[in-house]
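Before any comments, here is the structure.
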Amino acid sequence: MNRKFFIGTAALAVALGLGLVAWLARPAGDARVPDADARAPSVLTVEVVAPQTQNWPQTLQASGPVTAWQEVIVSPETGGLRIAELLVDVGASVKRGQLLARLADATVKAEVRKQEAAVAQARASLDQAVSNTRRAKIAESSGALSAQKIEEYRITEATSRASLASAQAELDSSKLKLIQTRIVAADDGIVSSKSAVLGNVVSAGAELFRLVRQAKVEWRPELDARQVALVRVGQIARVTLPGGEQVEGKVRLVAPTLSTTTGRGTVYASLPAASASRSGMFANGTLELDAKSALTLPQSAIVMRDGRSYVYVVGSGDKVSSHPVATGRRQGDRIEVLSGLSGDARVVAGGGAFLSEGVQVTVAGAAKAQAGGSQ
């Protein structure tokens, strides 16, 4: 047994010796020492920004028609006459008192001449009655005329005066009717419609023209009760017309009451007369309300995925993590972040679409600092 023990011990010693020789003889390049400080490689160099708090006006989206500020209905004050002349058409710019149409006035002129003759006749009758009364007063003292006859002369004079006044009133009425054969604009404006037809016999009060008064139009969106309470006179309204042009106006009036059927109120926003806005358009726009602080980021920092908005935040070890955020107002190249982000976060300013959760990045400012330190 001692012999077997001796042989085993010798074999173990030989094996250990061979192993030691092999370790000492290994090539130097095969040495692998674990590096506790080894880091995953960076996939992208990024710039980071911090959210900024800015005072932005609140905006309210709305839609509604563009209509005339006021309309002017042009119609004749006299009837039974034919339209003899039309001087303007739809789209014409007119001034107050400008002649728009003329009615045939031959019969009216003849009536004026008739009334002028009636006035002359009434005046002659009055002159005769006055003369008779004067002579009767002279003869009254001599007793040549009875008191009854003298009273008749006085009554005749009074009747003649009344007849003259009546004839003069008829003449004035005829002259006024002659003036009314000239259809003129009641105010400055633009002709928006024309229903007058040359040769048509018109009736008093029938619409011949319709004007956009002073060429002013306004946007009239309808808002609910909560939104109406936020709008004030003088606030800015930005209206996007159907052609894509944006027009800036101002709120001139907020409806004091709401509709009993819809529960909505109308806002009246004046638009520039020289703009491309036209009455009858339907337009979308925004109303700028009072200013309110907003936590903002560059729009390039927002990444859209699956219909949601995300930002990438650089954390410890320069690893990024995605954060879903709710966005709000936009102004210029910046966007409001309503929730999901703290004010001291380091947010990737751009290129977030190329990142994924937990990857290693190099921060641009830090990379420059390291390069400067190594020099």
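The values are calculated or read from the model by the stated rules, or taken from the named source; none is laboratory data. Given the structure is predicted, the values throughout are model-derived calculations rather than measurements. In this analysis, Cβ positions are derived from the backbone assuming ideal geometry, glycine residues included, and neighbour counts consider all displayed protein chains.
Computed values, structure above
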{"read-out": "Any pair with Cβ under 6 angstrom, 6 or more apart, that starts in region 243-262 at a residue that is farther than 12 Å from Ser275 by Cα and surrounded by 12 or more Cβ atoms within 10 Å (Cβ to Cβ) and ends at one that is modelled with pLDDT of 90 or more and of a type in the set (Phe, Trp, Tyr)", "value": "Arg252/Tyr268; Leu253/Tyr268"}
{"read-out": "Any hit, region 110-123, residues being closer than 23 Å to Ala206 by Cβ and either free of Cβ contacts under 8 Å to residues at least 40 places away in the same chain or touching a Leu at 6+ places or on another chain (Cβ under 9 Å) (or both)", "value": "yes"}
{"read-out": "Members of region 234-266 found to be small (Gly, Ala, Ser) and under 12 Å from Arg220 (Cα atoms), listed by number", "value": "Ala237, Gly249, Ala255, Gly265"}
{"read-out": "Residue, surrounded by the fewest Cβ atoms within 10 Å (Cβ to Cβ), within region 196-218, restricted to residues that are in contact with a Phe, Trp or Tyr (Cβ under 8 Å, 6 or more places away or on another chain) and within 30 Å of Arg252 (Cβ to Cβ)", "value": "Gln214"}
{"read-out": "Residue check, Asp290 surrounded by fewer than 16 Cβ atoms within 10 Å (Cβ to Cβ), touching a residue at least 60 places away in the same chain (Cβ under 8 Å) and under 21 Å from Thr53 (Cβ atoms)", "value": "yes"}
{"read-out": "Hits in region 272-283 - residues which are assigned to a strand (DSSP E or B) and surrounded by fewer than 15 Cβ atoms within 10 Å (Cβ to Cβ)", "value": "Phe282"}
